[in-house]
Structures are given as C-alpha cells and as structure tokens.
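J.: My questions will all concern the structure given below.
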Amino acid sequence: MKYSHYLASLCLLFSTYCYSQHYQIEDKYRGDPLFRKIDMNKLEKDCTYPPNYWQLSDSKREEIDKLCPLNNLKFDLRGLYKFIYKEPVILYNGKDFQLTLSMSENNENNDIESDGTIYGGDIFLSIVKDNIVKDKIYLANNYINLSDFAAAYQHYFISPEGEINTLYLIEVEEGISPMFWKHYKIDNQKMKFVLQDMLVNVTDGVQYQIIYPNQFNIISNKPVKKIDSQELKLCEDEYDKEEYHSCYIDVYKHYNNRLKKKINLLNKNNNTIKKSYLKLQQKMASSCLELPPPVSGNRGETDPYLSKVMFCLIQNYKQEITNIEKQLAP
C-alpha cells in the first residue's frame with residue numbers, strides 16, 4: 001500500500017513517469033504535425049472560400065486553395081490505407097506493449113482499387129499487450145460522405161512523446177471547417193489513451209474548450225445576452241432533447257453570473273471563511289466532465305454531449321446558488 005501510494009505521488013509530481021516515453025514511429029504512419037496544435041478560428045478563416053470562388057478561373061481557385069494549410073499537407077492519409085487494408089500494422093514495438101494501426105471495412109464510402117487496396121473506412125490506434133487490445137481510439141478517416149454537398153475527414157498526428165492529436169473537418173461548397181479537435185496522451189502504466197483536452201466548434205463562431213479533469217470554457221466573441229425569465233424557462237424546457245441549442249450559452253452564463261454575485265456577497269458578509277469561485281467551478285465541472293466524451297466529431301455525437309454537460313453544469317450552479325442563499329438568509 002505504501003509503495004502504491006508512493007508511485008502515485010511520483011506520477012502526480014513527475015507526469016513524464018506515467019506518460020512520456022520516446023516512440024520511434026516511421027513518418028509514413030505518424031500523421032501531419034499541423035494537427036499537433038490548432039487555431040480553429042485562423043484555420044477556418046484560411047480555408048473559407050470567397051463568395052465568388054466558383055465563378056473564378058481554375059488558376060485563381062488554385063491560388064486561393066494554397067492559402068488553406070489543409071491543402072498543403074505533407075502526410076498522405078489516403079496512401080496510409082495501402083499499408084493497413086489487409087491487416088493491422090505495428091507502429092511501435094516496445095518492451096511491454098505495441099501500438100497498432102487498423103481499419104474497419106464496413107464503410108459505404110470505401111473505394112476499392114484494382115490491386116485490392118481499400119481506401120476509406122475508419123482507422124483506429126490501439127494499445128496491444130500479449131495480443132490483447134487494452135485500449136483503442138478512433139484516429140482518422142480519409143473520406144466520409146455526409147450528403148451530396150458535404151463530406152468529412154479526420155486527420156491526426158502522433159508525436160515522438162506519445163501525444164496523439166486528431167481533427168475532424170467538414171468540407172462544403174463554402175470551404176473546409178475544423179469541427180472537433182482532441183488531444184490524448186499514452187499512459188504506459190495503465191495501458192490507456194488518456195484524453196487531455198478537446199475543442200468543439202459549433203455554429204456562430206462559438207467554441208467549447210474542455211481541459212480534463214475540471215475545466216470547461218466557452219470561447220466566443222459575442223457579447224453576453226441578457227435573458228429574461230420567459231426565455232430562461234423556454235430554453236431550459238428543451239434540455240430533454242438530444243439537440244444542441246444556442247440559447248444554452250445564455251442560460252449557462254446567466255446562472256454563472258448569478259453564482260459569482262452570490263459568492264461575492266457571501267464573502268463580503270463572512271470575514272472568516274472565503275469561498276473560492278474558481279475552486280467551486282472546477283469541482284462542479286469535474287463531476288460533469290465524467291460523462292463519456294464523443295468518439296467522433298459528427299453532430300449526432302457532439303450535440304447530445306454538449307447538451308448533457310451544460311445541463312449538468314447549470315443544475316450544479318442552481319443548486320450552489322440555493323445553498324448560498326440559505327447561508328445568507330437571516
């Protein structure tokens with residue numbers, strides 16, 4: 001027991017003990033370093049076509065296309081299928097485990113070449129020990145048909161330190177939009193891919209930043225909208241639906257601001273024990289972020305997830321506001 005406690009302490013103090021290790025992976029399997037760190041706003045701006053794009057000449061469109069980093073990737077994701085379509089490939093063969101790449105073939109978008117190579121389908125990264133898959137994550141897909149006017153892709157990068165980044169993108173007539181970025185680390189003690197943080201891009205330039213285990217942030221340039229009681233009730237009544245509603249942000253910020261004011265008032269009236277808004281917020285976020293995160297970036301997974309997390313946070317805020325009001329009551 002003492003040894004286990006000591007080992008756990010070392011992991012907390014020196015994260016490199018649990019996570020860092022040099023992973024020698026060939027470049028043809030590693031992915032593109034562009035996805036290691038993403039500025040979604042800049043990427044979307046660079047990859048959005050001007051309104052007259054489809055009326056321009058081919059040469060002019062080529063000039064515009066070059067401005068989008070996604071059109072200048074060095075890593076050949078389509079070519080990766082040539083190595084893995086028959087059987088999984090071992091990327092890293094360590095003393096205690098292996099990292100392998102494999103693919104699923106049950107995809108209607110698969111493109112089969114004359115030599116039998118299957119281009120398309122989901123690509124997975126697995127941790128394998130003694131021929132047993134210990135953990136697996138969805139890594140990439142070269143092409144996902146969403147409709148006649150939209151397609152999706154998922155790219156990735158695996159760093160020498162064992163950090164994995166994935167980015168889900170949607171391409172429409174107006175350009176290419178980054179939608180869902182994930183960052184994992186390999187825990188070589190627990191044989192797990194540990195999700196560190198993720199960014200979810202939604203409509204109207206709003207992003208959700210989640211840093212595990214206890215940070216939930218809304219990134220938006222839009223001003224905070226004041227919401228009246230009728231709007232509040234109308235939006236809260238939508239929570240039982242597996243959809244994402246933009247008004248959730250207004251409700252979330254409404255209760256978030258109320259909680260801040262209540263804490264300030266409580267601290268003003270109490271000179272002995274001060275309540276920390278930041279610590280309280282992190283505690284509430286920690287419980288809500290225990291919900292299983294989306295596997296991929298499609299709206300059918302991200303929308304319900306965001307709805308459930310925000311609902312959980314709002315309920316926690318409301319409960320804490322009630323608790324503080326009881327403490328403030330004479």
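J.: Among (1) open to solvent by 30 Å² or more (accessible area, probe 1.4 Å); (2) assigned to a helix (DSSP H, G or I); (3) within 19 Å of P294 (Cβ to Cβ), there is one condition N264 misses while meeting the rest; what is its number?
T.: Every listed condition holds for N264 apart from (3).
J.: Still on this structure: Only one of (1) surrounded by 15 or more Cβ atoms within 10 Å (Cβ to Cβ); (2) of a type outside the set (A, V, I, L, M, F, W, C); (3) without any contact (Cβ under 8 Å) to a residue 40 or more places away in the chain is not met by D148, so which one is it?
T.: Answer for D148: the failing condition is (1).
J.: Continuing with the same structure: Any idea which residue in the stretch 233-247 is farthest from K326 (Cα to Cα), counting only those that are in contact with an Asp or Glu (Cβ under 8 Å, 6 or more places away or on another chain) and not in a loop (DSSP other than H, G, I, E, B)?
T.: C247
J.: Criterion first (hydrophobic (A, V, I, L, M, F, W, C) and either touching a Phe, Trp or Tyr at 6+ places or on another chain (Cβ under 6 Å) or surrounded by fewer than 15 Cβ atoms within 10 Å (Cβ to Cβ) (or both)) does I249 satisfy it?
T.: So I249 fails the test.
J.: Being within 15 Å of G175 (Cα to Cα) and more than 21 Å from the chain's Cα centre (by Cα): is that true of N71 here?
T.: Criteria met by N71.
J.: Considering only residues that are closer than 26 Å to I219 by Cβ and open to solvent by 30 Å² or more (accessible area, probe 1.4 Å), which ones fall in the stretch 162-178?
T.: Of everything in the stretch 162-178, those that are closer than 26 Å to I219 by Cβ and open to solvent by 30 Å² or more (accessible area, probe 1.4 Å) turn out to be E163, I170, E171, V172, E174.
J.: Would you please list the contacts, defined by Cβ atoms under 8 Å and residues six or more apart or on different chains, that run from a residue in the stretch 275-293 that is of a type in the set (G, A, S) to a residue that is surrounded by 16 or more Cβ atoms within 10 Å (Cβ to Cβ)?
T.: Cβ pairs passing all conditions: A285/N214; A285/F216; A285/L313; S286/N214; S287/C312; S287/N316.
J.: Being β-branched (V, I, T), surrounded by 14 or more Cβ atoms within 10 Å (Cβ to Cβ), farther than 30 Å from A151 by Cα and modelled with pLDDT under 90: is that true of I227 here?
T.: So I227 passes the test.
J.: Looking at C235 and the list (1) under 30 Å from H183 (Cβ atoms); (2) touching a His at 6+ places or on another chain (Cβ under 7 Å), which single condition is not satisfied?
T.: The number of the failed condition is (1).
J.: Can you tell me which residue within the stretch 129-144, out of those that are more than 20 Å from G79 (Cβ to Cβ) and open to solvent by 20 Å² or more (accessible area, probe 1.4 Å), is nearest to the chain's Cα centre (by Cα)?
T.: The residue in question is K136.
The values are calculated or read from the model by the stated rules, or taken from the named source; none is laboratory data. Bear in mind that the values here come from a model prediction, so they are computed numbers and not experimental data. Cβ sites come from the backbone with ideal geometry, for glycine too, and all protein chains shown count toward neighbours. Ligands, DNA and RNA are stripped out before the accessible areas are found, and what is left, the full protein with its side chains, is counted by its heavy atoms. Shrake-Rupley method; radii C 1.70, N 1.55, O 1.52, S 1.80 Å.
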